[in-house]
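These notes are about the structure you will find just below.
The values are calculated or read from the model by the stated rules, or taken from the named source; none is laboratory data. Note that this is a predicted model, so its numbers are computed, not measured. Glycine gets a Cβ as well: all are built from the backbone with ideal geometry, and neighbour counts include every protein chain shown. Surface accessibility is based on the protein's heavy atoms, side chains included, excluding ligands, DNA and RNA. Shrake-Rupley method; radii C 1.70, N 1.55, O 1.52, S 1.80 Å.
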Amino acid sequence: MNDLSKTKGGGKPVGQKPGQASIHPGSGRRKALSHAKGRVLLPAELERTRAVVGDGPYERPLLIEFLHKIQDAEGCLPAGLMHGLADLMKIPMAEVYEVATFYAHFDVVEDGEPVPAKVTVRVCDSLSCMMAGAERLLAELGSEGMEDVRVVRAPCIGSCHTAPAVHVGHRHVDHATLAKIKDLVIDDETGPAIPHYKNLGAYRAAGGYKMLAECLSGKRTADSVIATLSDGGLRGLGGAGFPTGRKWSLVKAEKGPRLMAVNGDEGEPGTFKDRHYLEHNPHAFFEGMLIGAWAVEAEEVFIYMRDEYQGVLHILEHEIAALNAAGLARHTKVTVRRGAGAYICGEESAMIESIEGKRGLPRHRPPYVAQVGIFNRPTLVNNIETLYWIPQILEKGAEWFASQGKNGAKGLRSYSVSGRVKKPGVVLTAAGTTAQELIAMCGGIENGHTFKGYLPGGASGGILPASMADIPLDFGQLEKHGCFVGSHAVVILSDKDNMKDVALNLMRFFEDESCGQCTPCRNGTEKAVRLMGAKTWDQPLLGDLAQVMRDASICGLGQAAANPLTSVLKFFPEDVT
């Protein structure tokens, strides 16, 4: 990594010369604040705040939604409008500031500070994009004079198959180049591009929502639906792999009222399958979601969608309105909550905290979210792909779905494949498929490269050598090797990749994305980055540090952050010495 490498917190632009685009390090989260105590709220600030966020109601769980409205309207969060928001919501300014400074996509601007540039260019520097030239692109942007443009490093933005990926404002740029970025900036094309997708009319014309109709009409019972999902072997496909039918049963057994949350915060580096389905066939997901809400009698469904997926947010807005107009969601209320740039909110309890308008800090468990979830109510949590398969499983039967797997696995799986393959993308195939088979399905290894290793489950799933590419990629198959399949994000590595650099890139991601709540993760990731940046690794010390993080961290981020590190020590000793 060069002088543009990530650092925590705010700070001056790195490597900037007069007249150049400013390049800021890291996410800017946990920025130090210095506004004077007893700040006086001006009438004009309160009036402007009300004009931006609307006339209310100013309920506490809507804090993040209101911050988004201010950020979208002003391009930042001015201190005066944050003060006005605190006044309207009747909460302390400290609550507004602690939430606003936790999330990377909010730009807090103190009195007297300059506002950010008109256009923000976010360059993904996570693993697949790093391999595809993100560092070179950052260097080019740093030397290019573009007025009123800010360039920041960004964690994975869910487009690893089109690396390097960039956001110019809210416009997604695939296979980004300096020329593409400059054209968008010059033409002021910074709004989201809306993909072509199957809308409500097209989905219903193809037979969609028949399964939901059978559920709502009483033709199917909740118990029979749950039994079908259990017999089919459907598991949670967001990473944990918990049996879906069992989860629904546990939530249904809790005393109501109950709620449901959909985890659309697909932030694991290497993962983009949920985005793929939402941008192509969102109503298959909607139908599964509405069946889930019916089965557990959820009064409201909260769809938590990552802010990076602006095209998806547009689809959700339009198609949920269409669902309501068609009367398909009459048994529940569907609400979208927009994330704000925090990988930790992919952890279900941190997501629930964010849905409630708070910092995304994971909760201690027990109690589990199935018992005490959103607003302390029993909450069913599923991810996008899990719900996507439900209508087909009910229509075609449990045996059909279960028989799709191989090597002892059940069902179909969507593998996000990126890295050193000729045709990266989402591969829909049998659960239990191997990395070697996925490489073949993606056209083979890139020309001039030799297969060296792979990530079987995204940034936290560890790294395995090419000699172990015949292991079925399914839950429970990789744990004995110190790895796991997680969200089925497979990143292929070659002889051109140094595994120390790969592991360091991943650890820097975890360092930046740690919520900071617990010491083993907060200090452990930071210490690991320092040790891994040395020319020679202190292997005993790194091994001890990894063990402490694994044993003592509150949530899965800290517990799994050292998996790439320990994998390199175990399987790639030639790259360490």
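In this structure, is PRO282 open to solvent by less than 20 Å² (accessible area, probe 1.4 Å) and either modelled with pLDDT under 95 or more than 30 Å from GLU399 (Cβ to Cβ) (or both)? Step through it out loud before you land on a result.
Details: open to solvent by less than 20 Å² (accessible area, probe 1.4 Å): yes; either modelled with pLDDT under 95 or more than 30 Å from GLU399 (Cβ to Cβ) (or both): no.
Taking the combined requirement at face value, the residue does not satisfy it.
Within the group ALA240, ALA227, ALA193, which residue is more than 18 Å from ASN281 (Cα to Cα) and at pLDDT below 95?
ALA240
I'm trying to understand the selection: among the residues of the range 321-351, which are touching a Cys at 6+ places or on another chain (Cβ under 9 Å) and among the aliphatic types (A, V, I, L, M)?
The answer is ALA342, ILE344, ALA350, MET351.
Quick check on my filter: what residues within the range 111-169 are closer than 23 Å to GLU268 by Cβ and either in a loop (DSSP other than H, G, I, E, B) or of a type in the set (Phe, Trp, Tyr) (or both)?
Correct list: ASP125, SER126, ALA132, GLY133, PRO155, CYS156, ILE157, GLY158, SER159, ALA163, PRO164, ALA165.
Evaluate the following for VAL421: is it of a type in the set (Val, Ile, Thr), within 30 Å of SER567 (Cβ to Cβ) and under 24 Å from the mean Cα position of the chain (by Cα)?
Values: of a type in the set (Val, Ile, Thr): yes; within 30 Å of SER567 (Cβ to Cβ): yes; under 24 Å from the mean Cα position of the chain (by Cα): yes.
Here the answer is yes, as VAL421 does meet what is asked.
For LYS219, state whether it is in a loop (DSSP other than H, G, I, E, B) and not hydrophobic (A, V, I, L, M, F, W, C).
Answer is yes for this residue.
Restricting to the range 215-244, name every residue that is out of contact with any strand residue (DSSP E or B) (no Cβ under 9 Å at 6 or more places or on another chain) and within 14 Å of ILE393 (Cα to Cα).
CYS215, ARG220, SER224, VAL225, ILE226, ALA227, THR228, ASP231, GLY232
Does TRP294 fit the bill of being aromatic (Phe, Trp, Tyr), assigned to a helix (DSSP H, G or I) and within 30 Å of CYS483 (Cα to Cα)? Don't jump to the end; show me each part of the working.
Details: aromatic (Phe, Trp, Tyr): yes; assigned to a helix (DSSP H, G or I): yes; within 30 Å of CYS483 (Cα to Cα): no.
So TRP294 fails the test.
For VAL115, which of the numbered conditions (1) touching a Leu at 6+ places or on another chain (Cβ under 6 Å); (2) farther than 30 Å from LEU504 by Cβ fails to hold?
All conditions are met except number (1).
Could you list, ordered by first residue, the pairs with Cβ atoms under 7 Å in which the first is in the range 492-513 and within 21 Å of HIS105 (Cα to Cα) and the second is aromatic (Phe, Trp, Tyr), at least 6 apart or interchain?
Correct list of pairs: GLU513/TYR343.
Filter the range 217-239 down to the residues that are basic (Lys, Arg) and over 14 Å from THR386 (Cα atoms), then identify the one that is surrounded by the fewest Cβ atoms within 10 Å (Cβ to Cβ).
Taking the range 217-239 and keeping what is basic (Lys, Arg), we get 219-220, 235.
Of the ones still in play, those that are also over 14 Å from THR386 (Cα atoms) are 219-220.
Values: LYS219: 10, ARG220: 19.
Looking at the filtered set, the residue picked out is LYS219.
Restricting to the range 52-105, what's the tally of residues that are open to solvent by 30 Å² or more (accessible area, probe 1.4 Å), touching a residue at least 40 places away in the same chain (Cβ under 8 Å), assigned to a helix (DSSP H, G or I) and of a type outside the set (Asp, Glu)?
The total comes to 4.
Quickly run through the range 494-553 and pick out the residues that are basic (Lys, Arg), closer than 23 Å to LEU464 by Cβ and open to solvent by 60 Å² or more (accessible area, probe 1.4 Å).
Kept after step one, since they are basic (Lys, Arg), are these residues of the range 494-553: 496, 500, 508, 522, 527, 530, 535, 550.
Then drop every residue that is not closer than 23 Å to LEU464 by Cβ, which leaves 496, 500, 508, 550.
Result: LYS496, ARG550.
Strands (runs of 3 or more DSSP E) wholly in the range 396-502 with at least 1 residues that are among the basic types (Lys, Arg) and touching a Ser or Thr at 6+ places or on another chain (Cβ under 7 Å) - which ones? Spell out how you get there, then give the answer.
On the way: elements: 412-419, 425-430, 451-455, 489-494.
Those strands (runs of 3 or more DSSP E) span 412-419, 451-455.
Taking LEU127 and the conditions (1) open to solvent by 10 Å² or more (accessible area, probe 1.4 Å); (2) modelled with pLDDT of 95 or more, which numbered condition does it fall short on, given that it satisfies the others?
(1)
Could you please give the count of residues in the range 312-345 that are assigned to a helix (DSSP H, G or I), open to solvent by less than 10 Å² (accessible area, probe 1.4 Å) and out of contact with any Ser or Thr (no Cβ under 9 Å at 6 or more places or on another chain)?
Initial filter on the range 312-345 (assigned to a helix (DSSP H, G or I)): 312-325, 343-345.
Checking which are open to solvent by less than 10 Å² (accessible area, probe 1.4 Å) leaves us with 312, 315-316, 323, 344-345.
Subsequent filtering for residues that are out of contact with any Ser or Thr (no Cβ under 9 Å at 6 or more places or on another chain) retains 312, 315-316, 323.
Selection size over the range 312-345: 4.
Given the conditions (1) crowded, with 24+ Cβ neighbours inside 10 Å; (2) modelled with pLDDT under 95, which single one is not true for VAL417?
VAL417 satisfies all of (1) crowded, with 24+ Cβ neighbours inside 10 Å; (2) modelled with pLDDT under 95 except (2).
With GLU299, GLU308 as the choices, which residue is within 22 Å of VAL381 (Cβ to Cβ), open to solvent by 10 Å² or more (accessible area, probe 1.4 Å), in contact with a Gly (Cβ under 9 Å, 6 or more places away or on another chain) and in a loop (DSSP other than H, G, I, E, B)? It would help to see each step written out before you state the result.
Working: GLU299 fails: in a loop (DSSP other than H, G, I, E, B).
Checking each option against the conditions leaves just GLU308.
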